[in-house]
Amino acid sequence: MKYNTMYRLSFILGFFFLQIIPLNGFSQEVNKYWVFFKNKPDTVFDPFHYFDKNTIARRVRNHLPLYDWYDLPVSNEYLSIVQKNCSKLKTHSRWFNAAVILATDSQISIINQFAFIDTIEQANPLTLQIADFTEFENKLELNKISDDLILDSQTKRMGADLLIEKGLTGKGIRIAIFDVGFSGADKHTAFQHIRSRNGILKTWDFVKNEENVWKGGWHGTAVWSCIAGKLNGRWSGLATDAEFLLARTEIGNKEPFAEEEYWVSAAEWADKNGADIINSSLGYTDSRYFPRQMDGKTTFITRGANLAAKKGMLVVNAAGNEGDSNWRIVAAPADADSVLTIGGVEPCCDYHISFSSYGPTRDMRIKPNVCAQGRAFCAKENGESNADGTSFASPLAAGFAACAWQAKRSLSNMQLFDELQKCASLFPYFDYAHGYGVLSADRFLNNIVATPSFVAKKASTTSETGDSTEYIQIEVDDKFTTTNPEGMDYLMYYCIVNTSGGLDSYTVIKVHEKIPVQFKTNAYSTGTKLRISLQGYMSEIQFK
Amino acid sequence: MKKLFYSITLLIGSLNQLSAQDVVFKMDPAVDTTEDKSGPNLKNYWHPYISFGMCIDPGSAGATVKQPHLDQFSFGFRYKNRLAEHLAVGLDISYNVNDYSLKQNASKTLPDTVQYKKQGMIFYNAQVGAYIRFNFGKRGNTLGNYLDLGAYGDYVVSHVQFTKFNLPDGSIVRARRTQLDYYQKINYGLLARIGFKKLVIYGQYRLSDMFYPSLKMAELPRIQAGIQFILR
């Protein structure tokens, strides 16, 4: 019996090891690697043949060369040599001049010997991933605000009426959407107007390597409807006349690292096929990274997103839904400095919706950049629904960006990026929850200059002991002490800026009184600044 | 301590904004962006767990148990101290219940040779375990995929012998016997676990005998395996 027991124990432990070894690789097990090459020799490249004409036009508009080193193909000779020496060549990237391979340690040792190899990074340990959480989780809500009001406000608060009046509907703008899938979107009435004019130019499923993207989940369907959908006879997005490239880059709940490779492949595909804007309502957090890695240069997808922006595309990404989780901050690639990161605000008013991820990035850059409504009425696989998430704020903003670009087509992508920040409701004020505020067509098209809405006054009090205390009092115009035309209180935003330019604190208050807030001057160190914003007017006071 | 300092500073700071404000939103990045030292892939981490297991071996002759049968339930806390990216050590403290359902057959000798309708031996244990963890693959602030190897010690808090049988008149009698003294108070063994984030498959092998060797009683199954769910 003792022998029998030991035999069984060996069997169990053996079973455990068999589970572990193939997943993670001891010396002869296969792992996934990124193999970066040193150069791109002997490559022939004709941009007019390779790129869509829209790509050429975009590059010309952006004052970019028709092609650069990144666009050159990876050397076939290098790929061939690597392929012969690995278990499988999975894919390759022009932008990164790299190949993704499956190889054993001994194969990697051989490949590493070749003179043309720059570096080799282990990409994905082929682990079984059981996702804790996915950004795509829609927080369906039964809430007090009706679907009709949400649908109305999600576009109108950004100035839909004005954009439509000016004929700005994203015409001539090509938008690529990267998502988990577009289930039902091929038949949904919300997109009939796009299908009828052949507005879907290309689709590609990077997960399965096939054209069919009408599967995988309806998150992409919902996102698309927030860019250009028509629900219940009303527009649910702003770029209703744009053209679309639809890519499936997400697997869903499994969330392996490969999704980032798919994203970068899709960005190269979008560039090749003439996309002007990429909307990506996804982000990667603690299943792969630490908050300290949200520094705009570490994660693979962030580096890919920055490269996409260098090609003249405007990359719009959701900030993430981590505001009320331990992670809290924006999720890669929203940390990239060239990505327009979109936070969410409440449907009722212009302050932060609780789940929207915060900035700054770990290297203290402003994120999110701007905001849109964080709760939207959108298309589902069958029918429509009200859903929460910066996943929906991002396409609302992407739709706005398409209209804005149509209006000012000569802007480069980064000029448009700046203009979009400048037209947001709070600009030049910002904080790490709202960025520069909610996008506004009125401010974008009409260069509205805010008039002073308050004054800062000095005041002092003297105690019984004769000690004097000085204050800065903020006194608002009388009209702001009542409610606004929508029946809501006016909101005042203020923040304390430290000497490094970062924010020590930021606050939003309702304005009820003539003096809604005052600050004790001796409580702040020299050089600290107080910034206050009310109705687009900002004032800055430096403590001495 | 750093968080407390920031909190006090900001509390004092907030008192300096004197007015009847109606604050709808307030953030203090200096506090909120302080990175934690405790987390699934940080220096320290603890979490509760529950597990369900069963005997893998049938037990020695005379003490075979019914299979498959849910024999083990435990609730506990696990502490992990990360030493390196792929290496950690830790401790478990748990309370577990081992419920062995004995087969009633002619060869049965534990705890007696009488054949009942049902018979069980239930041990309520306080368990302490220590383990070394090998993590595999790249991961963020998650538990990731890992192999734990370690040892455990059980202290039997109480033991119940349960029998169910029919009387000649057909009535059912259920009997519970406690304060028995044939079992050893302390047991120990080896453990192994394979974890995929919050899902763990575990196995344990009891090295010690369950009963006093001098009594020469048949031995209950030594190997148990099951599934654990990390609750945090």
Some residue of the stretch A:518-531 being in contact with a Lys or Arg (Cβ under 7 Å, 6 or more places away or on another chain) and either more than 9 Å from every other protein chain (Cβ to nearest Cβ) or buried (at least 18 other Cβ atoms within 10 Å of the Cβ) (or both): yes
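Residue by residue, here is whether (1) among the aliphatic types (A, V, I, L, M); (2) closer than 30 Å to A:TRP69 by Cβ; (3) modelled with pLDDT of 95 or more holds:
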| site | (1), (2), (3) |
| --- | --- |
| A:ALA222 | yes, no, yes |
| A:ALA228 | yes, no, yes |
| A:LEU238 | yes, no, yes |
| A:ASP241 | no, no, yes |
| A:ALA270 | yes, yes, yes |
| A:TYR289 | no, yes, no |
| A:THR298 | no, yes, no |
| A:LEU307 | yes, yes, yes |
| A:ASN317 | no, yes, yes |
Criterion: surrounded by 14 or more Cβ atoms within 10 Å (Cβ to Cβ), in contact with a helix residue (DSSP H, G or I) (Cβ under 9 Å, 6 or more places away or on another chain) and not in a strand (DSSP E or B) - qualifying residue of A:PHE48, A:PHE114: A:PHE114
Output for the stretch B:186-232, where each listed residue is touching a Phe, Trp or Tyr at 6+ places or on another chain (Cβ under 9 Å), over 29 Å from B:ASN135 (Cβ atoms), of a type outside the set (S, T, N, Q) and more than 11 Å from every other protein chain (Cβ to nearest Cβ): B:ILE186, B:MET210, B:PHE211, B:TYR212, B:LEU215, B:MET217, B:LEU220
Of all residues making up the stretch B:31-72, the number that are over 30 Å from B:ASN141 (Cβ atoms) and more than 13 Å from chain A (Cβ to nearest Cβ): 7
Residue within the stretch B:158-170 that is within 30 Å of B:ASN81 (Cα to Cα), within 25 Å of the chain's Cα centre (by Cα) and surrounded by fewer than 17 Cβ atoms within 10 Å (Cβ to Cβ) present: no
Residues of the stretch B:31-80 that turn out to be surrounded by fewer than 15 Cβ atoms within 10 Å (Cβ to Cβ), within 28 Å of B:LYS216 (Cα to Cα) and under 18 Å from the mean Cα position of the chain (by Cα), as a count: 2
Looking only at the stretch A:452-485, and only at residues there that are under 37 Å from the mean Cα position of the chain (by Cα) and over 21 Å from A:CYS349 (Cα atoms), the one that is surrounded by the most Cβ atoms within 10 Å (Cβ to Cβ): A:ILE474
Among (1) in contact with a Leu (Cβ under 6 Å, 6 or more places away or on another chain); (2) within 25 Å of A:VAL345 (Cα to Cα); (3) modelled with pLDDT of 95 or more, the one test that A:PHE444 misses: (1)
All positions within the stretch A:486-516 that are assigned to a loop (DSSP other than H, G, I, E, B), within 9 Å of another protein chain (Cβ to nearest Cβ) and free of Cβ contacts under 8 Å to residues at least 40 places away in the same chain: A:ASN498, A:HIS512, A:GLU513
Residue list for the stretch A:220-238, restricted to those being in contact with a Gly (Cβ under 7 Å, 6 or more places away or on another chain), part of a helix (DSSP H, G or I) and not β-branched (Val, Ile, Thr): A:GLY220, A:SER225, A:CYS226, A:ALA228
Residues (within 14 Å of chain B (Cβ to nearest Cβ) and at negative phi) located in the stretch A:432-464: A:TYR432, A:ALA433, A:HIS434, A:PHE454, A:ALA456, A:LYS457, A:ALA459, A:SER460, A:THR461, A:SER463
Entirely in the stretch A:332-427, the strands (runs of 3 or more DSSP E) that have 2 or more residues that are of a type in the set (S, T, N, Q): A:384-388
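For the stretch B:191-200, which positions are surrounded by fewer than 19 Cβ atoms within 10 Å (Cβ to Cβ) and either modelled with pLDDT of 95 or more or among the charged types (D, E, K, R) (or both)?
Hits for the stretch B:191-200 are B:LYS198, B:LEU199.
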Qualifying residue in the stretch A:277-300 (condition: within 17 Å of the chain's Cα centre (by Cα), closer than 19 Å to A:SER93 by Cβ, within 13 Å of chain B (Cβ to nearest Cβ) and in a helix (DSSP H, G or I)): yes
Residue under evaluation B:VAL89, criteria (1) surrounded by 15 or more Cβ atoms within 10 Å (Cβ to Cβ); (2) closer than 26 Å to A:TYR289 by Cα; (3) at pLDDT below 95, criterion not met: (3)
In the stretch A:381-421, the residues that are within 19 Å of A:GLU250 (Cβ to Cβ), crowded, with 20+ Cβ neighbours inside 10 Å and of a type in the set (D, E, K, R): A:ASP388
Segments classed as strands (runs of 3 or more DSSP E), wholly inside the stretch B:98-197, with at least 3 members that are in contact (Cβ under 8 Å) with a residue 24 or more places away in the chain: B:118-136, B:145-166, B:186-196
Failed item, numbered, when A:ASN447 is tested on (1) surrounded by fewer than 19 Cβ atoms within 10 Å (Cβ to Cβ); (2) over 27 Å from the mean Cα position of the chain (by Cα): (2)
Any hit, the stretch B:135-142, residues being surrounded by fewer than 20 Cβ atoms within 10 Å (Cβ to Cβ), modelled with pLDDT of 95 or more and within 14 Å of chain A (Cβ to nearest Cβ): no
Every residue from the stretch A:320-339 that is more than 14 Å from chain B (Cβ to nearest Cβ) and among the aliphatic types (A, V, I, L, M): A:ALA334, A:ALA336, A:VAL339
Single condition A:ASP205 does not satisfy, out of (1) modelled with pLDDT of 95 or more; (2) over 21 Å from A:ALA258 (Cβ atoms); (3) not aromatic (Phe, Trp, Tyr): (2)
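The values are calculated or read from the model by the stated rules, or taken from the named source; none is laboratory data. As the structure is a computational prediction, the values presented were derived from the model and not from experiment. Glycine gets a Cβ as well: all are built from the backbone with ideal geometry, and neighbour counts include every protein chain shown.
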